[in-house]
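Working notes, beginning with the structure itself.
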Amino acid sequence: MKCSYHPSYQVALPPGHPFPMSKYSRLAEQLLTEGILAAGDILQPEPLDVPTLELVHTPQYLAKLASSGLSAAEQRRLGLPWSEALWQRSRLASAGTLLAARAALDHGLAGNLAGGTHHAFADHGEGFCALNDVAIAIRKLQAERSIGRAAIIDLDVHQGNGTAAIFEAQDEVFTFSMHGERNYPLAKMRSNLDVPLKDGVGDAEYLDSLQRHLPTVLDAANADIVFYLAGVDVAAGDRYGKLALTEEGIRRRDRWVIEAVRSRGLPLIIVLAGGYAATRARTAELHAHVFRESTAYERRAA
């Protein structure tokens, strides 16, 4: 399985900052140590250029991101302090999702060891998301006529509000978000299908809901490619999650998505999205499950 990764996915943040930035390097090291990935499976992206970013984001917003132009209020909304490294990192992670999408079109299944920054809107960032990597990849592939239609399966615990807003008027992209009803963002956007969940939902109710909705999503989307935001902030005890999935529940969730998409012959791209477990190592461990399940699927299908 090919996966995008770059050491500069990780940038320095102020001490005590809640975003688990080291999860990216920890996840890459873990997957290589376990043999889930080999060194030759790693695709190293180059930062995306501005014309590609402008397929989704406004020139005014990109100019602010590129030149320390974000106000203090805009940085608070983003949840991350501006730096040149953050601008570079955001373009690298978005490039990683596009690179993974190209690999999935060739090989069927690929991933990015970052990405899923679904709270980024066309004209601003929020919720730790500066650029909307999945939206950029879809628009770029559509512009090249590599794909016509796309589906987004967003199982992060938070609604993909930026992605929903970006694609609300575009019939060629089907957005599906299954998220905490009372969680961030309080003001939800409109996906093609939103499935809100009550606080405290565990494995049985969550997986039952997913099993009921996933085939409908794939039928309605009629997609050429599928992006899966495999957020692990659905786990019990997550700092920002409010749901109660077990580790096995997360593995079953990931397995079902992979099998549902790949059994239809559709290319699948996996991106991380959120995860805020008690430790960075625990967050990386939870993120690793979707790649373990991907490798297991490929072995069964071989």
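The values are calculated or read from the model by the stated rules, or taken from the named source; none is laboratory data. What you see is a predicted model; the values in this text were computed from it and never measured. Note that each Cβ is placed from the backbone with ideal geometry, even for glycine, and that neighbours are counted across all protein chains shown.
Every condition in (1) in a loop (DSSP other than H, G, I, E, B); (2) surrounded by fewer than 13 Cβ atoms within 10 Å (Cβ to Cβ) is met by Ile36 except one, and the failing one is (2). Residue count for region 181-202 satisfying the condition of being on the phi > 0 side of the Ramachandran plot and crowded, with 18+ Cβ neighbours inside 10 Å: 0. Looking across region 39-60, the residues that are surrounded by fewer than 16 Cβ atoms within 10 Å (Cβ to Cβ) and under 12 Å from Tyr5 (Cβ atoms) come down to Ala39, Gln44. Of all residues in region 196-212, those that are within 17 Å of Asp238 (Cβ to Cβ) have Cβ atoms under 6 Å from Cβ atoms of residues that are surrounded by 12 or more Cβ atoms within 10 Å (Cβ to Cβ) and among the polar types (S, T, N, Q), 6 or more apart or on another chain, in Asp203/Thr246.
May I ask you to verify whether Arg182 is touching a residue at least 60 places away in the same chain (Cβ under 8 Å), farther than 18 Å from Ala273 by Cα, among the basic types (Lys, Arg) and in contact with a strand residue (DSSP E or B) (Cβ under 9 Å, 6 or more places away or on another chain)? Against the criterion (touching a residue at least 60 places away in the same chain (Cβ under 8 Å), farther than 18 Å from Ala273 by Cα, among the basic types (Lys, Arg) and in contact with a strand residue (DSSP E or B) (Cβ under 9 Å, 6 or more places away or on another chain)), Arg182 qualifies.
You will find that of Asp123, Asp106, the residue that is among the charged types (D, E, K, R) and more than 27 Å from Asn183 (Cβ to Cβ) is Asp106 and no other. For region 144-155, check the following and say yes or no: at least one residue is closer than 20 Å to Tyr276 by Cβ and of a type in the set (Ser, Thr, Tyr). No; the residues of region 144-155 include none that is closer than 20 Å to Tyr276 by Cβ and of a type in the set (Ser, Thr, Tyr). Taken as a whole, the structure leaves Leu214 outside the set of residues that are touching a Lys or Arg at 6+ places or on another chain (Cβ under 9 Å), surrounded by 15 or more Cβ atoms within 10 Å (Cβ to Cβ) and under 27 Å from Gly127 (Cα atoms).
Taking the stated definitions as given, is Glu205 closer than 27 Å to Arg299 by Cα and surrounded by fewer than 19 Cβ atoms within 10 Å (Cβ to Cβ)?
Values: closer than 27 Å to Arg299 by Cα: no; surrounded by fewer than 19 Cβ atoms within 10 Å (Cβ to Cβ): yes.
Criteria not met by Glu205.
Do we find a residue being basic (Lys, Arg), farther than 26 Å from Arg212 by Cβ, surrounded by fewer than 18 Cβ atoms within 10 Å (Cβ to Cβ) and out of contact with any strand residue (DSSP E or B) (no Cβ under 6 Å at 6 or more places or on another chain) anywhere in region 285-299? So far as region 285-299 goes, yes, one or more of its residues are basic (Lys, Arg), farther than 26 Å from Arg212 by Cβ, surrounded by fewer than 18 Cβ atoms within 10 Å (Cβ to Cβ) and out of contact with any strand residue (DSSP E or B) (no Cβ under 6 Å at 6 or more places or on another chain). Hey, among His118, His124, His158, which residue is touching a Lys or Arg at 6+ places or on another chain (Cβ under 9 Å) and either assigned to a loop (DSSP other than H, G, I, E, B) or modelled with pLDDT under 95 (or both)? Testing whether each residue is touching a Lys or Arg at 6+ places or on another chain (Cβ under 9 Å) and either assigned to a loop (DSSP other than H, G, I, E, B) or modelled with pLDDT under 95 (or both) leaves just His124.
Under 7 Å between Cβ atoms, which residue pairs at least 6 apart in sequence (or on different chains) link something in region 239-257 that is crowded, with 22+ Cβ neighbours inside 10 Å with a partner that is acidic (Asp, Glu) and at pLDDT 95 or above? Going by the 7 Å Cβ cut-off, the qualifying pairs are Gly241/Asp233; Leu245/Asp203; Asp254/Glu293. Residues of region 89-146 being at positive phi and free of Cβ contacts under 8 Å to residues at least 40 places away in the same chain, which ones? Passing the criteria: only Arg145.
Can you tell me which condition Arg91 does not meet? The list is (1) in a helix (DSSP H, G or I); (2) surrounded by 24 or more Cβ atoms within 10 Å (Cβ to Cβ); (3) in contact with a Ser or Thr (Cβ under 8 Å, 6 or more places away or on another chain); (4) not aromatic (Phe, Trp, Tyr), and all the others hold. With (1) in a helix (DSSP H, G or I); (2) surrounded by 24 or more Cβ atoms within 10 Å (Cβ to Cβ); (3) in contact with a Ser or Thr (Cβ under 8 Å, 6 or more places away or on another chain); (4) not aromatic (Phe, Trp, Tyr) applied to Arg91, the lone miss is (3).
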